[in-house]
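J.: Have a look at the structure that comes next, please.
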Amino acid sequence: MDQLRRDTLRISGVLGLAIAAGLLGPIDAVAEEWNKDAFDAKNYNDTLKALGAVAVATSKELLINAPDIAENGAVVPLTVSCTLPNVQQIAILIDKNPFTLSANFTIPAGTEPSISTRVKMRETSNVYALVKANGKWFVASKEIKVTLGGCGG
Amino acid sequence: MADPMRVRALEKDGSTEVKILMKHDMETGLRKDDAGNLVPAHFIQKVSVTHNDKEVLAAQFGVSVSKDPFLAFKFKGGAKGEKVIVSWIDNFGDKRTDEALIA
């Protein structure tokens, strides 16, 4: 009687381990985390640091296509494009916004290094396009005048 | 439940242009409502666009992307009738996935 009880316990113990092992199987690869440090940064230099951008060079091969004057700061259309080879990343930074980084794009091989989007601007500010190409960082800037701020409208 | 987005994909001369219009308030967390209370931040954080199981664009957004975010870009390849799939997730964990056939 006692022996039977022991056997039952042993078997359930082994089963339990097997189930646990099943649960601890391979976990699906998790997509890259949202870069909280970079999006929380409140100025240009801190944002560069959080993005790991070092030795950033000004580049004429980088273009920001946007209006000189934005009537409505809540919707400022922007196109960032560049002619540099092997672009891996494009980020949009707005100097005088409460949080500097607006968007950060990962560009896989085969995707053109040209992105259009729309951003909010609190006030007249420099807008930066930051690009990582071939492992090196480049930046271009353009001042956009805002006649009506995009926060609190 | 998040509202659907509009996705268009157009193939021309060997590259596919994708245009996406997401439906989201993109609250900054800095705005006050009429009663003077701060409206909590609620915004899309990550967007992923795939074609044939390959990611063709990954984006991370901050609060300063405009309400109802718009994205346009091009990738090489893509044939008429193939699918382009767009997914986003916001800071509340809400998700939305929509797709379009390349025209």
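None of the figures in this text is laboratory data; all of them are computed from the coordinates on show. Values in this document were obtained by computation on a predicted structure and should not be read as measured data. Please note: Cβ atoms are built from the backbone with ideal geometry, for glycine as well, and neighbour counts cover all protein chains shown.
J.: Explain nothing, just compute: Karplus ³J(HN,Hα) = 6.51 cos²θ - 1.76 cosθ + 1.60, θ = phi - 60°, for every residue of the stretch A:41-58 in order, whole Hz, x for Gly and Pro.
T.: 5, 10, 8, 4, 5, 5, 5, 4, 4, 5, 7, x, 7, 10, 6, 6, 9, 6
J.: Cα atoms only, the protein assembly as shown: Rg and Dmax in Å?
T.: Cα-based Rg and Dmax for the protein assembly as shown come out at 22.7, 89 Å.
J.: Between A:Ala109 and A:Glu71, with labels modelled 7 Å along Cα→Cβ, what's the label distance in nm to one decimal, could you check?
T.: Placing both labels 7 Å beyond Cα along the Cβ direction yields 4.6 nm.
J.: What does the charge dipole of the stretch A:36-146 about its Cα centre add up to, to the nearest 20 debye, if the Cβ of each Lys and Arg holds +1 and the Cβ of each Asp and Glu holds -1? Walk me through the intermediate numbers first.
T.: Values: 12 positive and 10 negative charges, 26 e Å.
Result for the stretch A:36-146 is approximately 120 debye, rounded to the nearest 20.
J.: What is the stretch B:6-101's relative contact order, in percent, from Cα pairs under 8 angstrom and six or more apart in sequence?
T.: Details: 215 pairs, mean separation 31.8, N = 96.
Relative contact order, the stretch B:6-101: 33 percent.
J.: Beyond a 24 Å Cα-Cα separation, which of these cross-linked pairs lie in this structure: A:Lys49/B:Lys95; A:Lys42/B:Lys46; B:Lys19/B:Lys46; B:Lys19/B:Lys67; A:Lys36/A:Lys132; A:Lys136/B:Lys19?
T.: From A:Lys49/B:Lys95; A:Lys42/B:Lys46; B:Lys19/B:Lys46; B:Lys19/B:Lys67; A:Lys36/A:Lys132; A:Lys136/B:Lys19, over 24 Å: A:Lys49/B:Lys95; A:Lys136/B:Lys19.
J.: Also, quick follow-up: Would you please give the FRET efficiency between B:Asp13 and A:Asn45, computed as 1/(1 + (r/R0)^6) with r the Cβ-Cβ distance and R0 = 45 Å, to the nearest 0.05? Mind dumping the intermediate values first?
T.: Numbers: r = 41 Å, r/R0 = 0.92.
Once the sixth-power term is evaluated, E becomes 0.60.
J.: Now for a different question. Using a 10 Å cut-off on Cβ to Cβ distances, tally the other chain neighbours for every residue of A:98-106 and report the average as a whole number.
T.: The per-residue average across the peptide is 6.
J.: Another one. Is there a simple number for the mean count of other chain Cβ atoms within 10 Å of the Cβ of residues in A:112-123, and what is it? It would help to have the intermediate numbers written out before the result.
T.: On the way: counts 8, 2, 3, 6, 5, 10, 8, 7, 8, 2, 3, 0.
For peptide A:112-123, the averaged partner shielding equals 5.
J.: Shifting gears a bit: Using the Karplus curve 6.51 cos²θ - 1.76 cosθ + 1.60 with θ = phi - 60°, what ³J(HN,Hα) values do you get for each residue of the stretch B:90-97, in whole Hz, with x for Gly and Pro?
T.: Once rounded to whole Hz, the list reads 9, 6, 8, x, 5, 10, 8, 10.
J.: Calculate the spin-label point distance for A:Leu84 paired with A:Ala55, positioning each point 7 Å from the Cα along the beta-carbon direction, and give it in nanometres.
T.: Those two pseudo-labels are separated by 1.2 nm.
J.: Mind putting a number on the dipole of chain B about its Cα centre? Charges go on the C-beta only, +1 for Lys and Arg and -1 for Asp and Glu, and I need it in Debye to the nearest 20.
T.: Roughly 300 debye for chain B.
J.: Long-range amide H contacts for B:Ser15: which residues qualify at under 5 Å (H placed 1.01 Å from N, peptide plane, sequence gap of 5 or more or a different chain)?
T.: Under 5 Å from the amide H of B:Ser15: B:Gly77.
J.: Which order do peptides A:113-120, B:85-92 fall in by mean Cβ count within 10 Å, highest first?
T.: Highest to lowest by the protection proxy: A:113-120, B:85-92.
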